[in-house]
Amino acid sequence: MGVLLNVDYKDELTRLRVHEIVKYFQRLGIPLKLAKISNEIIADSFYIHYRTPILRENPGDEEALWHLFIRSYLSTEVYQEISKISRYNYQVSKSASVKLLRAYNSLLSRIERGAVEGVDDKKQDMRELSENQQLRQEINSLLRFYMGNIKNIEKLRKSITKALGNEVGKEAAELLFDIDIDPYRARLAKILESLVEMIAAVQPEVEQGVVAERRGVISGVTRLRAYTDLQKATNLSKAIYIQSRELFGYKLATKSLSIYDVTLDTREKVYLLVDKSGSMFYTLYDGVAMDMTQKITWATALAIALMKRSKKVVLRFFDQMVYPPITNIKDIIKSLLRVLPLGGTDITAAVHTAVRDAKQQGLHNYKLVIITDGEDDMVHPEVLKTAKATFRDVKAVLIGGYNETIETHLNTIKINTANPESLKTALKNI
């Protein structure tokens, strides 16, 4: 029997979520004592995170240990922090459920081995369990170990939300909390922290690209913005004025008259190839901050800055493979957090893919920008020449490295320090 009043354990959706969590354990290869951890317990582990839990009073001996375990967890600061990002969030609630069940599973194993005095694997009275100090200490220790420190994730979520928007912040928090990437969480959090700092530092440069005025040259039709725009009224607006002064007056008051637009959006369209091979996770020294920054952090910050500044952007990460195209910042962060630093760089394959995309999708008016440390001795000059003939312009950004073939055939920006100033320099020259 479960210990929550506000869960219908027979509901089909509840049973489905229990099934998905069990399958998740099996996929991760984590053993779970299903003989002692009932479906109701699994449901509890999910719903205490997914919604505000209402705990049953006076549980029976059969669920006394689980009730004490949950009550102890709900009183922790860790739970308060996790609930901020898990409430009505299926993915985070599932990940938190898995971690909580692992902690409870470990407690059951320790009890079986006789490692907790005064507790056995038989039914026990709730009051007796509550008074067992060693048991309470054991529970708190396991919770700290398996649930981790969530404070840094919440702090990072807020800073990402401020710099890149709520949707990106939420996505980052979910991925950082996910159990699959626990071994890499500290490294990924550090990358994201540095990334947000860089984006914030170059924010004025990336607010928007230049929109130029071309007076006397019509570039389209738009709606009336100010009454002074009446001098650019379209023939339709003039006809309305002649035929119906009442309708014209109404459309004028609601600013729904059409006018000729003489502005031209001159922001560039950019196709980005970003190297994510193993060498990109090496660091460069930042003389100003007296710190080391990973090359992938700087490269991703540049990619996001270009995406915020440009009219349209297509991005592909690559190493020895070329990854699916990305067209928004949220997916850049998602890809970065799921990146595993692999060896090998195939710049030729990446450029060939970009050329193919340009031909198939009509991207010839895009500027191709290749961001890499250049650690590839097999770059084919012919593919670089083809890229120059295919795209409007081609530039390479070499971070803390060199590549003779690239520097010979492409306009190259060389970066030797990974900091906001070098980021601004790259933005000005791309």
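Some observations on this one:
- Check on Ile54, among the hydrophobic types (A, V, I, L, M, F, W, C) and more than 23 Å from Asn132 (Cβ to Cβ): yes
- In the stretch 133-154, of all residues being of a type in the set (A, V, I, L, M, F, W, C) and in contact (Cβ under 8 Å) with a residue 40 or more places away in the chain, the one that is most open to solvent (accessible area, probe 1.4 Å) corresponds to Phe145.
- Among the residues of the stretch 393-403, the one identified as more than 15 Å from Glu375 (Cβ to Cβ) and open to solvent by less than 20 Å² (accessible area, probe 1.4 Å) is Val394.
- Scanning the stretch 269-293 for residues that are buried (at least 20 other Cβ atoms within 10 Å of the Cβ) and at pLDDT 85 or above returns Val270, Tyr271, Leu272, Leu273, Val274, Asp275, Lys276, Ser277, Ser279, Met280.
- Lone qualifier among Val221, Val217 - being in a strand (DSSP E or B) and either open to solvent by 50 Å² or more (accessible area, probe 1.4 Å) or modelled with pLDDT of 85 or more (or both): Val221
- Check on Met307, open to solvent by 50 Å² or more (accessible area, probe 1.4 Å), of a type in the set (A, V, I, L, M) and in contact with a helix residue (DSSP H, G or I) (Cβ under 8 Å, 6 or more places away or on another chain): no
- The test for being open to solvent by 100 Å² or more (accessible area, probe 1.4 Å), out of contact with any Phe, Trp or Tyr (no Cβ under 7 Å at 6 or more places or on another chain) and either at pLDDT 80 or above or of a type in the set (A, V, I, L, M) (or both) does not hold for Glu207.
- Residue in the stretch 367-377 that is open to solvent by less than 10 Å² (accessible area, probe 1.4 Å), in contact with a Ser or Thr (Cβ under 6 Å, 6 or more places away or on another chain) and acidic (Asp, Glu) present: yes
- Those residues of the stretch 420-429 which are surrounded by 16 or more Cβ atoms within 10 Å (Cβ to Cβ) and touching a strand residue (DSSP E or B) at 6+ places or on another chain (Cβ under 6 Å), in sequence order: Ser422, Ala426
- Residues of the stretch 351-375 classified as of a type outside the set (Ser, Thr, Tyr) and in contact with a helix residue (DSSP H, G or I) (Cβ under 9 Å, 6 or more places away or on another chain), total: 15
- Enumeration of residues in the stretch 404-419 that are open to solvent by 40 Å² or more (accessible area, probe 1.4 Å) and under 20 Å from Ser194 (Cβ atoms): Asn416, Thr417
- For the stretch 25-50, the set of residues classified as within 14 Å of Ala96 (Cα to Cα), touching a Phe, Trp or Tyr at 6+ places or on another chain (Cβ under 7 Å) and not aliphatic (A, V, I, L, M) consists of Tyr50 only.
The values are calculated or read from the model by the stated rules, or taken from the named source; none is laboratory data. Not measured: the values here are computed from a predicted model. Cβ coordinates were reconstructed from backbone atoms using ideal geometry, including for glycine residues, and neighbour counts include every protein chain displayed. Note: areas computed on protein heavy atoms with side chains; ligands, DNA, RNA excluded. Shrake-Rupley method; radii C 1.70, N 1.55, O 1.52, S 1.80 Å.
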